[in-house]
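Visitor: This is the structure I have questions about; it appears just below.
The values are calculated or read from the model by the stated rules, or taken from the named source; none is laboratory data. Given the structure is predicted, the values throughout are model-derived calculations rather than measurements. Methodologically, a virtual Cβ is constructed for each residue, glycine included, from the backbone with ideal geometry; neighbour enumeration extends over all protein chains shown.
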Amino acid sequence: MPERPDLEYVIPILHRELTGRRITGVRVRKPVVLRILIDGAPDSLFVGATFRAVTRRAHFVLFDFAAPRPLALAIAPMLAGRFALDRAPARTPADLALAWKLSDGRELRYRDDVQMGKVYVLAPDAWDSLPGLARVGVDVFDAGRFTAEVFGALAKQRRDQVKVFLMDKSAIDSMGNAYADEVLWEARIHPKRMTRSLDDDELERLRNAIVHVLRNATDTIAQRRPPLDEKLRDFLAVRGRAGQPCQRCGATIRTTRVRADDAHFCPQCQPDQRRRPFIDWRRVSGAPTDE
């Protein structure tokens, strides 16, 4: 799913480019992603509506429309959802889910090749009625709220693994698989570590890693200015690097499962404390090797 750094880049662009634009047409190519929670068909609801603002709440992109149209749009892109904003291509992309034609001749497209995302059409200010929006976690970029005391209190309530905790949007706003892995690598904590087993020093290290990793990623994406529909991941330290050497110690990055999700980690930097720490015998002087 798009995570906080992705959304910090995408949403200001959508807000700047869409505000004041009127919708002149709509195409629904993958209706399985669409959830209409008010009366009306897509054409009757959208055509004539004018964008007023684009904002973020948790991992949702929220579109607000100018009065008197009683309409709002909330998109949760999930695993593969992405946006494009330009003139309609000569050939319709195979992954196109929905498209809104704009008064300036361009088209806002929501693309989703696995159809896991959800596009909700609902009444204005009814965000709390959607799963995942009724309760949103603490903003990690708000230094006044994301304090050691607040984070420690959240962690002490948990009875699950630390990666599950980091990905809980009702606790922390807003991480998914990729940046949870990056944060845990930065903090040198194994993804299967039980959250309540972390001591105060480890919790502070983890809190600092959250802010550092997400800030650095946000700045990196903003500096590189990728196309709107491109998700940058090539600068990450462990995510997507299974089988490659750790940038910090040189051990081979491994993967494991945390509930239904995969996790990338360094077994040397992030030892699993449920068993003996990983030892790379090739790095031990005089130890036998397979070579």
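Visitor: Is one or more of the residues making up segment 70-92 farther than 22 Å from Thr24 by Cβ, surrounded by fewer than 16 Cβ atoms within 10 Å (Cβ to Cβ) and modelled with pLDDT of 95 or more?
Guide: No, every residue in segment 70-92 fails to be farther than 22 Å from Thr24 by Cβ, surrounded by fewer than 16 Cβ atoms within 10 Å (Cβ to Cβ) and modelled with pLDDT of 95 or more.
Visitor: Can you say whether Gln223 is modelled with pLDDT under 95, surrounded by fewer than 16 Cβ atoms within 10 Å (Cβ to Cβ) and assigned by TED's automatic domain parsing to the domain that holds Cys249, as far as the supplied structure shows?
Guide: no
Visitor: So, in segment 124-156, exactly how many residues are within 28 Å of Leu45 (Cβ to Cβ) and free of Cβ contacts under 8 Å to residues at least 60 places away in the same chain?
Guide: Total satisfying the criteria: 5.
Visitor: Let me ask another. Looking at segment 111-155, which of the residues that are in a helix (DSSP H, G or I) and either at pLDDT below 95 or in contact with a Pro (Cβ under 6 Å, 6 or more places away or on another chain) (or both) is surrounded by the most Cβ atoms within 10 Å (Cβ to Cβ)?
Guide: The qualifying residue surrounded by the most Cβ atoms within 10 Å (Cβ to Cβ) is Trp127.
Visitor: Looking for something under 20 Å from the mean Cα position of the chain (by Cα) and within 15 Å of Arg27 (Cβ to Cβ) - is there at least one such residue anywhere in segment 114-125?
Guide: Within segment 114-125, one or more residues are under 20 Å from the mean Cα position of the chain (by Cα) and within 15 Å of Arg27 (Cβ to Cβ).
Visitor: Which of the residues that make up segment 222-277 are more than 23 Å from Gln161 (Cα to Cα), within 24 Å of the chain's Cα centre (by Cα) and not in a loop (DSSP other than H, G, I, E, B)?
Guide: Ala222, Gln223, Arg224
Visitor: So, one more: Which of the residues belonging to segment 11-70 are free of Cβ contacts under 8 Å to residues at least 60 places away in the same chain and of a type in the set (Asp, Glu)?
Guide: Matches in segment 11-70: Asp39, Asp43.
Visitor: Considering each of Leu214, Leu198, Leu184 in turn, give the residue that is surrounded by 16 or more Cβ atoms within 10 Å (Cβ to Cβ), free of Cβ contacts under 8 Å to residues at least 60 places away in the same chain and within 28 Å of Cys249 (Cα to Cα).
Guide: Of Leu214, Leu198, Leu184, the one residue that is surrounded by 16 or more Cβ atoms within 10 Å (Cβ to Cβ), free of Cβ contacts under 8 Å to residues at least 60 places away in the same chain and within 28 Å of Cys249 (Cα to Cα) is Leu198.
Visitor: Still on this structure: Looking at this structure, is Arg259 closer than 17 Å to Asn177 by Cα, in the same structural domain as Gly176 (by TED's automatic domain parsing), basic (Lys, Arg) and in contact (Cβ under 8 Å) with a residue 24 or more places away in the chain?
Guide: Spelling it out, Arg259 is indeed closer than 17 Å to Asn177 by Cα, in the same structural domain as Gly176 (by TED's automatic domain parsing), basic (Lys, Arg) and in contact (Cβ under 8 Å) with a residue 24 or more places away in the chain.
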